[in-house]
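We did not get these values from a lab; they are worked out from the coordinates using the rules stated. The shown structure was predicted, so the numbers you read here are calculated from the model rather than taken from an experiment. Counting neighbours? That spans all protein chains shown, and the Cβs are built from the backbone with ideal geometry, glycine included.
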Amino acid sequence: MNDPNGSAADPYHLFAKFYDLEFAGVVDDLPFYQQFAVEAGGPVLELGCGSGRVLEPLLDANVPLSGVDSSPAMLALARDRLKDAVELHLCPMQAIASLEFRHAPFWLAICAINTFLHLPGIEDQLQTLRAARQLVVPGGLLILDVFAPDPTYLAHLDGRITCEFSTTLGDGSQLDKWVARTHDLSEQIIETQVWYELCSPSDGSVRRFADRYAMRYVHRFELEHLLARAGWSIVSLFGSYDLEAYGPDAERMLVLATWHESEA
């Protein structure tokens with residue numbers, strides 16, 4: 001069944017219920033962001049901060065932190081996790097330049113694991129990159145983390161249903177996440193259908209929550225072109241959180257970009 005409460009207004013309302021259960025163990029990228037936050041030495045902004053998974057460990061960097069997200073449900077998780085330690089705003093990434101941040105301008109802006117790909121089209125991506133440039137100081141950094149499109153992986157996205165995550169909740173309920181993905185090569189869109197199944201430990205009854213989302217992936221030189229159109233220059237391109245150079249076997253594209261007054 002579809003979730004009856006608020007999913008129409010907030011497409012991430014359903015995912016927020018289970019997000020931290022699934023992604024609590026995703027920590028490989030955290031030292032990467034901590035390193036750059038410390039080196040920035042000044043205010044840091046996260047675009048699409050979600051539940052605050054990345055912002056929480058950045059508190060140890062002792063720099064002012066801000067985050068924006070378009071989902072009220074996800075931002076509620078972040079507020080509960082971070083309390084008043086981080087400035088948080090409800091706003092689409094495309095419109096962040098209209099906000100009044102206490103800590104702006106920022107020395108570092110980050111858009112963590114695949115968040116940039118949830119923007120639905122080229123104009124949304126360009127608006128976000130241009131808005132970020134308005135908020136980052138000249139010489140400051142923007143970090144984008146997106147997956148590297150692998151033709152073999154994309155070719156296998158044929159709608160088959162697989163179990164992607166399972167856990168046992170505190171009350172003994174079994175939670176399973178099933179997904180089916182399809183790929184539109186011409187539009188560079190991955191459509192994901194999601195089913196969460198919650199099995200009661202007392203009588204075995206199952207509640208099912210269904211939803212879907214889309215991601216528009218980008219290739220390396222397409223991303224470089226988008227950044228250039230938005231006024232950014234690439235400083236480095238890594239293929240892993242260990243700062244390995246981007247190469248043919250890289251699973252991720254970690255782009256570090258900056259801008260200067262002379263290029264504005």
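The residues Thr192, Thr152, when put in order of fewest to most other Cβ atoms within 10 Å, stand as Thr152, Thr192. Amide H contacts under 5 Å for Leu141: Leu108, Ala109, restricted to partners 5 or more places along the chain or on a different chain, H placed in the peptide plane at 1.01 Å from N.
Every Cα-Cα pair in the range 5-133 was counted, and those over 19 Å apart are 47% of them.
The angle between the Cα long axis of helix 30-40 and the longest principal axis of the Cα atoms of the chain comes to about 20 degrees, rounded to the nearest 10.
Listed values for the range 44-57 are Karplus-derived 3J(HN,Hα) couplings in whole Hz (6.51 cos²θ - 1.76 cosθ + 1.60, θ = phi - 60°), namely 10, 10, 10, 8, x, 6, x, 7, x, 4, 7, 5, 4, x, and x replaces Gly and Pro.
Where does each of 60-70, 207-217, 107-117 land if you order them by average Cβ count within 10 Å, highest first? All intermediate terms of the calculation are to be shown ahead of the outcome.
Details: 60-70: 19.5, 207-217: 15.8, 107-117: 22.8.
Sorting 60-70, 207-217, 107-117 by mean packing, highest first, produces 107-117, 60-70, 207-217.
For the range 151-216, taking Cα atoms only, Rg and Dmax work out to 14.7, 48 Å respectively. Give the angle, between 0 and 90 degrees and rounded to the nearest 10, that separates the Cα long axis of helix 13-23 from the longest principal axis of the Cα atoms of the chain. Computed tilt is about 80 degrees. Placing R0 at 22 angstrom, the Cβ-Cβ distance between Glu251 and Ile161 gives a FRET efficiency of 0.40 after rounding to 0.05. Grouping the Cα pair distances of the chain into 10 Å bins from zero gives a pair-distance distribution of 6, 28, 36, 22, 7, 1, 0 percent in increasing distance order.
If we count every other residue with Cβ under 13 angstrom of His156's Cβ, Lys/Arg +1 and Asp/Glu -1, where does the sum land? Display every interim value, and only then the final one.
Values: positive: Arg160, Arg181; negative: Asp150, Asp158.
Net local charge, His156 excluded: 0.
Which distance in Å, rounded to a whole number, links the C-alpha centroids of the range 194-214 and the range 46-81? The range 194-214 and the range 46-81 have Cα centres separated by 27 Å. Between the residues Val86, Ile143, Val54, the greatest Cα displacement towards the positive end of the dipole of the chain, with unit charges on the Cβ of Lys, Arg, Asp and Glu, is found for Val86.
Charges were assigned to the Cβ only: +1 to each Lys and Arg, -1 to each Asp and Glu. The resulting dipole of the chain about its Cα centre is roughly 400 debye.
Can you list the GluC sites (Glu not before Pro) in the range 196-259 that are in a DSSP coil and have 10 or fewer other beta carbons within 10 angstrom? Spell out each step's value before the answer.
Working: sites: Glu197, Glu222, Glu224, Glu244, Glu251; in loops: Glu244, Glu251.
Filter output for the range 196-259: Glu251.
Karplus-derived 3J(HN,Hα) values for the range 254-259, using 6.51 cos²θ - 1.76 cosθ + 1.60 with θ = phi - 60°, are 10, 9, 10, 10, 9, 8 Hz; glycine and proline are entered as x. Length available on full extension from Gln35 to His219: 0.36 nm per residue minus the Cα-Cα distance, which gives 63.6 nm. Taken over the Cα atoms of the range 189-264, the convex hull encloses 173 Å³ per residue. Applying the Karplus relation 6.51 cos²θ - 1.76 cosθ + 1.60 with θ = phi - 60° to the range 196-202 yields 3J(HN,Hα) values of 9, 10, 10, 9, 6, x, 7 Hz, where x marks Gly and Pro.
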